[in-house]
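Please read the structure below before turning to the comments.
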Amino acid sequence: MDLKDKIAIVTGGSRGIGKKTVEILSELGARVYFTYNKSNEEADKISDNTGAVAIRCCQTDRSSIMDIVNSIFEKEKRIDILVNNAGITDDQFFAIAEMDRWQEVLDVNLDGTVYWSKSVCKPMIQAGGGSIINVASVSGLVGIPGQTNYSTSKGAILAFTRSLAAELASKKVKVNSVVPGFIETDMTGKMPRDIKRQNLGKIALKRFGKPEEVAKVIAFLASDDSSYIVGQTIVVDGGLTATAVF
């Protein structure tokens, strides 16, 4: 895979899958801009190590997102890759869920993805093409108790991906989604030990995935090597959804 001189934006790039995506895209030659919200020190370290540009941004601030994209496009004259990775969880059983917290998950995960995608559409079309990769979750494919908010946001991202792909394919902008399973990140690190053990038993490979195993798929979809893959959902879950009963 060769991403030399490609201009990439990665949202939520200071930790986990996003961080590894920034590192791998940079290694492959892309000029990477990545957003973060609170992880100031970590973002600075990633910038120092990769040369990527860190930008603090609220995922729900539509005007700021548009300003960032316009600024990058004005400087680089093109945007080739967008990785919509930023997201949050707030697990609650629906019957007792606080609706403000429910809405926050949808605002960040779904609406943030929509705002970034909307902002890059015209720049990508003007530049003659591009690639949008939306990071979803197995929670968008199967029902997981306590994650109705998260599952709703990620399932909607999968539907959004398919429809946007159909609209943009003729403009040489390919849109796809990546669906990680249980990956070794801060998010899964907070899971209680017994819950981790239960979930490991459902995975065919009997281990959690590594961030780079997802990031490499993202890099492939961002590259010209995936030129005939459009509107697809690539599941990276160690066989979880192939074998598990939830």
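In a shell of Cβ-Cβ distance under 12 Å around V135, excluding V135 itself, what net charge do Lys and Arg (+1) and Asp and Glu (-1) give?
Local net charge: +2.
Sorting the segments 195-203, 234-242, 77-85 by their residues' average number of neighbouring beta-carbon atoms within 10 angstrom, most packed first, yields 77-85, 234-242, 195-203.
For G201, neighbours were defined as the other residues whose beta-carbon sits under 12 Å from its Cβ, and their charges (Lys and Arg +1, Asp and Glu -1) total +4.
Using a simple spin-label model with pseudo-atoms 7 Å out from Cα toward Cβ, T188 and E41 lie 2.6 nm apart.
Rg then Dmax, both in Å and based on the Cα atoms of segment 113-189: 14.2, 43.
Since only F182, L106, A169 are under comparison, the one whose Cα sits farthest along the positive direction of the charge dipole of segment 87-206, derived from C-beta charges on Lys, Arg, Asp and Glu, is A169. The modelled label-to-label distance for the pair E212/K171, using points 7 Å beyond Cα in the direction of Cβ, is 3.6 nm. Label point 7 Å out from S163 along Cα-to-Cβ: which residues of segment 119-150 have amide N under 20 Å? Only 119-122, 132-137, 140-142, 149-150 fall inside the zone, counting backbone N under 20 Å. Amide H contacts for I234 (H built 1.01 Å from N in the peptide plane; partners 5 or more residues away or on another chain; cut-off under 5 Å): S177, V178, V179.
Report Rg(Cα)/(2.2 N^0.38 Å) for the chain, keeping two decimals. Compactness ratio reported: 0.96. Binned at 5 Å from 0, what are the whole-percent values of the Cα-Cα distance distribution for segment 1-116, short to long? The distribution over segment 1-116 is 2, 12, 21, 21, 19, 11, 6, 4, 2, 1, given as percents. The convex hull around the C-alpha trace of segment 1-68, projected and averaged over every direction, spans 4.4 square nanometres.
Need the full-extension length gain, D111 to M1, defined as separation in residues times 0.36 nm minus the C-alpha distance. One decimal, nm.
On the way: separation 110, 0.36 × 110 = 39.60 nm, distance 3.06 nm.
Going from the current span to full extension adds 36.5 nm.
With θ taken as phi - 60° and the Karplus curve 6.51 cos²θ - 1.76 cosθ + 1.60 applied, the whole-hertz 3J(HN,Hα) list for segment 169-185 is 4, 5, 9, 6, 9, 9, 10, 9, 10, 10, 10, x, x, 7, 10, 6, 9 Hz, x standing for glycine and proline.
For the chain, calculate the relative contact order in percent as a whole number, restricting contacts to Cα pairs under 8 Å that are 6 or more residues apart.
Working: 482 pairs, mean separation 49.5, N = 246.
Here the relative contact order equals 20 percent.
For segment 128-165, backbone nitrogen atoms closer than 20 Å to the point 7 Å from K77 Cα along Cα-to-C-beta are found at 128-131.
Rg and Dmax of segment 128-246, both derived from C-alpha coordinates alone, stand at 15.2, 50 Å.
Shape analysis of segment 83-135 yields a ratio of the Cα radius of gyration to the Kirkwood radius, Rg/Rh, of 1.16. Residues whose amide H lies under 5 Å from that of T35, counting only those 5 or more places away or on a different chain, are V10, T11, G12, G13, I55; hydrogens are built 1.01 Å from N in the peptide plane. Of all lysines in the structure, the ones whose alpha carbon falls short of 26 Å from that of K122, not counting any fewer than 8 places away in one chain, are K4, K6, K75, K77, K154, K171, K172, K174.
All of the numbers you see were taken from the coordinates with simple rules; none came from a lab. It should be emphasised that the depicted structure is a prediction, and the values quoted were computed from it without experimental measurement. Every residue, glycine among them, receives a Cβ derived from its backbone with ideal geometry; neighbour counts consider all protein chains shown.
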